[in-house]
Amino acid sequence: MVLQSIWGWQPALYLFLGGMGAGAFIMAAVLYLIDQKRHAKIVCVSMWASAVSLGVGLLLLLSELTQPARGLLMWQSFSHFTSWMTYGAWGAFAAIAVFGLSAVLAMEKTRKRFVRARKALAVVGIALGLFVAVYTGMLLMMAPGVPLWNTPLLPFLFAVSGVDTGVALVEVVAVLLAKKDPLASRARVLMERIVVFLVVVECVVLSAFLLAMMSGEGSAAAAAGARSAEMLAMGVLAPYFWGLVVLCGLALPLAMAVAGLVLHRRGQGVKRGYGSPMAIGAAGALIGGCTLRFLILAAGIHADVIAETVMSLIG
């Protein structure tokens, strides 16, 4: 079966980096709003990482255009408020601005000033982050003729996965800065609980997504969606799906988060440390989240609507 080849690796990386950057800012903003005195370095580095991730992702998306320079003139279409592309352009532009400004104000020279502004930006940034995470799925959903993408479950799946990978990015930052800015027990437990919740929700949405595609009948679109889902679950892409997405990207982070919560409840988290389990779980989530975008793009088979229409006319 032929894989989708119209969209290359750049859009797949944008979908991953955009969702991850949005999720990382959301997690960093939550840590800041909970406790403005602790984890200043983790919050600052995570906010910078979120802005850079989203910016690089957008540049990769522009590079996929036939004439990338025209993509830099996106402002010309900002007035067409009947298109999701317009909403996405405004949302991404606003998100980069808020993420970047928040990162600047989180730096050591400015973090003790502009406290009210930082709180306001954190709240606005969380809303924009959620929008960007959802929009990474909307971008595919609005592409015509690809049943695997043309479902409301896809934006929901990418949003949950984006926040999950964003939390993983903040966990990586926390592990790297453990000596300079150790993650407090309360924040660590919060992140582990969030990971458990997100992984469970993502498993449910992913299962519903595949089952909805496989159960389609009676039309060319439904048949194409079923073939795409079968390609992921049982076909040529199945080893990557089950190995990298399910086991590495979902089961491993869930196991590491549950192990961390158990150790904390037993009072052994401080003695044994949390760096290794958190780092392993976060790495698995990042690998799985990135692979998911590539597989969803690769399995996007176009429905042969023309052939179906001709056959119906002949019949």
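The values are calculated or read from the model by the stated rules, or taken from the named source; none is laboratory data. Quick caveat: nothing in here was measured; it's all calculated off a predicted structure. Don't worry about glycine lacking a Cβ; one is built from the backbone with ideal geometry, like all the others, and counts go over all protein chains shown. When the accessible area is computed, the model is the full protein with side chains, heavy atoms only, and any ligands, DNA or RNA have been set aside. Shrake-Rupley method; radii C 1.70, N 1.55, O 1.52, S 1.80 Å.
For the reader, a short list of remarks on this structure follows.
Every residue, every condition in (1) among the hydrophobic types (A, V, I, L, M, F, W, C); (2) modelled with pLDDT under 90; (3) crowded, with 18+ Cβ neighbours inside 10 Å; (4) farther than 19 Å from MET138 by Cβ, yes or no:
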residue: VAL45; (1), (2), (3), (4): yes, no, yes, yes
residue: ALA49; (1), (2), (3), (4): yes, no, yes, yes
residue: LEU54; (1), (2), (3), (4): yes, no, yes, no
residue: GLN76; (1), (2), (3), (4): no, yes, no, yes
residue: PHE81; (1), (2), (3), (4): yes, yes, no, no
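- For region 188-210, a residue qualifies if it is among the β-branched types (Val, Ile, Thr) and under 24 Å from ALA299 (Cα atoms), and the qualifying residues are VAL199, VAL200, VAL201, VAL204, VAL205.
- Residue selected from region 112-126 under the condition surrounded by 14 or more Cβ atoms within 10 Å (Cβ to Cβ) and modelled with pLDDT of 90 or more, by the criterion farthest from ALA97 (Cα to Cα): LYS119
- For ALA143, the stated conditions do not hold, so it cannot be described as assigned to a helix (DSSP H, G or I) and small (Gly, Ala, Ser).
- Matching residues in region 99-118 - criterion: being within 23 Å of the chain's Cα centre (by Cα) and among the hydroxyl-bearing types (Ser, Thr, Tyr): SER102
- Taking region 176-186 as the range and being within 12 Å of GLY260 (Cβ to Cβ) and crowded, with 16+ Cβ neighbours inside 10 Å as the test, only LEU183 passes.
- Extreme residue, farthest from the chain's Cα centre (by Cα), among residues of region 217-257 that are surrounded by fewer than 17 Cβ atoms within 10 Å (Cβ to Cβ) and in contact (Cβ under 8 Å) with a residue 60 or more places away in the chain: SER219
- Tally of residues being touching a helix residue (DSSP H, G or I) at 6+ places or on another chain (Cβ under 6 Å) and open to solvent by 40 Å² or more (accessible area, probe 1.4 Å) across region 151-171: 2
- Applying a threshold of 9 Å to beta carbon distances and a minimum spacing of six or more residues, or different chains, the list of pairs starting in region 186-202 at a residue that is farther than 13 Å from ARG265 by Cα and ending at one that is open to solvent by 20 Å² or more (accessible area, probe 1.4 Å) and not in a helix (DSSP H, G or I) reads ALA187/ASP35; ALA187/ARG38.
- Test: residue in region 86-105 that is of a type outside the set (Lys, Arg), modelled with pLDDT under 70 and surrounded by 11 or more Cβ atoms within 10 Å (Cβ to Cβ): no
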